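Engineer: Take this structure, written in structure tokens, and hold onto it; I'll ask about it next.
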Amino acid sequence: MPAGTTHRPWRDIRLIGFADRAPLAQAWRWLDAAGSVLGHETVPAEDATGRVLAETVAAPKDLPPADLAAADGYAVRAADTEDASAYNPLPFALSDAASAARAHLISAGTALPSGCDAILDFGAVSRIDADRAEMLEPVARGEGVAARGSLIRAGTVALAAGRRLRPHDLALLAALGIARVAVLRRPLVGLAIAGSKTGGVDQLGPMLRALTTRDGGVPAGSGRMTFKAAVAEAGAADVILIAGRSGTGEDDIAGLALAEAGGTRALHGIALRPGGSSGLGQLGAVPVILLPGDPMACLAAYDMLAGRLIRRIAGLSTDLPYRIGALPLSRKIVSSTGFTDIVPVAVSGDEAAPIGSVETGHLAASCRAAGFVMVPETLEGYAAGDIVRVHLYD
């Protein structure tokens, strides 16, 4: 269990309520100590998009492997072009015939012929016939040339450990002739949908599977997983998320079901709105996170709690995976101290505006939002005109 954390049985809080709520910072400390970065596996480089490198990749050879043309044109010796101008065109041959200068028609990416050290652009040449042309301007040595090793030298770092591979990284690996790479194992995340306040429609499963995948995890199973199935999967899972039935209503039995399965509680009730009925604990050695059944609350709690843990053990940054913009508010945001509030906002022009309030927020509001603002527990909101940090979804 995380150091400094006491684990106790889950309490029956139905129809009673939370005696107190843990600050979000306390929940983060638990999450940052729970679980650990996983081992690694070797996979084909062409299938490694989005995977995190477990080891630094050193270049086995120079890139480019030789002096190459960086553009289409004529490969020349720069010294042969020194006196060329529109008023003093220098003739040259497009073959090996003797002349004042020679040039070779060349395509980008092609190795330079022996003796050539520059590329003369087509626009700097006037063709006379099929075998002859005139240079109309000089070219400097190295111009238009991608020199051997100018991109990467053999033995130097090509891609550092901890990097999440992007599609163009795969092109670099292919250019270096690297067919397989060592990557961190992706955490297996067991998802149990205990219930939601959506008329029996499972809105949570599709959302949580997509979020888990985004954060480097692999959602277990393809459909709804029951409590019993979640317990059965605990031996293989690296994290278990149980969505729904986490609150204080008569049918909110998620914590009790975990207790019956031998699970222990670290925190239940977080000073977070929406998402305050979330809980943290363990089932054996596996971290378990209870998420609310309301879709908006589930989304907020996932981002603030579950996503942080999954990203960390997947080898990614614990930071929220959203771009941040600093924008003035066109309308005030009303909050209250003691809770971290997640407020969806719309963005129009260069201003942000809250969509509804924390109490009236719903999933549709989040879908209309460009992002959200986090109001710290020490503030009572923000006034119109205040510059706020907006976590942008796109």
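Engineer: (1) at pLDDT below 95; (2) over 30 Å from T156 (Cα atoms): which one isn't true of L31, the others all being true?
Structural biologist: Condition (1) is where L31 drops out.
Engineer: Just checking, how many residues over segment 50-95 are over 30 Å from L172 (Cβ atoms), touching a strand residue (DSSP E or B) at 6+ places or on another chain (Cβ under 7 Å) and surrounded by fewer than 15 Cβ atoms within 10 Å (Cβ to Cβ)?
Structural biologist: Count: 2.
Engineer: Can you tell me which residues in segment 316-348 are open to solvent by 20 Å² or more (accessible area, probe 1.4 Å) and either touching a helix residue (DSSP H, G or I) at 6+ places or on another chain (Cβ under 6 Å) or within 30 Å of A54 (Cβ to Cβ) (or both)?
Structural biologist: L316, S317, T318, D319, L320, P321, Y322, R323, I324
Engineer: Continuing with this model, one more query. Suppose we filter segment 130-165 for residues that are part of a loop (DSSP other than H, G, I, E, B) and either within 30 Å of G315 (Cα to Cα) or open to solvent by less than 60 Å² (accessible area, probe 1.4 Å) (or both); how many remain?
Structural biologist: 17
Engineer: On the basis of being modelled with pLDDT under 95 and either over 40 Å from the mean Cα position of the chain (by Cα) or surrounded by fewer than 20 Cβ atoms within 10 Å (Cβ to Cβ) (or both), does R180 make the cut?
Structural biologist: no
Engineer: Among the helices (runs of 4 or more DSSP H) confined wholly to segment 279-376, which include 1 or more residues that are in contact (Cβ under 8 Å) with a residue 60 or more places away in the chain and closer than 18 Å to R21 by Cα?
Structural biologist: Qualifying helices (runs of 4 or more DSSP H): 295-301.
Engineer: Under 6 Å between Cβ atoms, which residue pairs at least 6 apart in sequence (or on different chains) link something in segment 13-40 that is closer than 16 Å to G216 by Cα and free of Cβ contacts under 8 Å to residues at least 12 places away in the same chain with a partner that is open to solvent by less than 70 Å² (accessible area, probe 1.4 Å) and in a helix (DSSP H, G or I)?
Structural biologist: Partner pairs satisfying both residue conditions: none exist.
Condition check ((1) of a type outside the set (G, A, S); (2) farther than 18 Å from L112 by Cβ; (3) modelled with pLDDT of 95 or more; (4) assigned to a strand (DSSP E or B)) across all residues:
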residue: T42; (1), (2), (3), (4): yes, yes, yes, yes
residue: G50; (1), (2), (3), (4): no, yes, no, no
residue: P65; (1), (2), (3), (4): yes, no, no, no
residue: Y74; (1), (2), (3), (4): yes, no, no, yes
residue: D80; (1), (2), (3), (4): yes, no, no, no
residue: D83; (1), (2), (3), (4): yes, yes, no, no
residue: Y87; (1), (2), (3), (4): yes, yes, no, no
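The values are calculated or read from the model by the stated rules, or taken from the named source; none is laboratory data. Given the structure is predicted, the values throughout are model-derived calculations rather than measurements. A quick note on method: Cβ atoms are made from the backbone with ideal geometry, for glycine too, and the neighbour counts reach across all protein chains shown. For accessibility, only protein heavy atoms count, side chains too; no ligands or nucleic acids. Shrake-Rupley method; radii C 1.70, N 1.55, O 1.52, S 1.80 Å.
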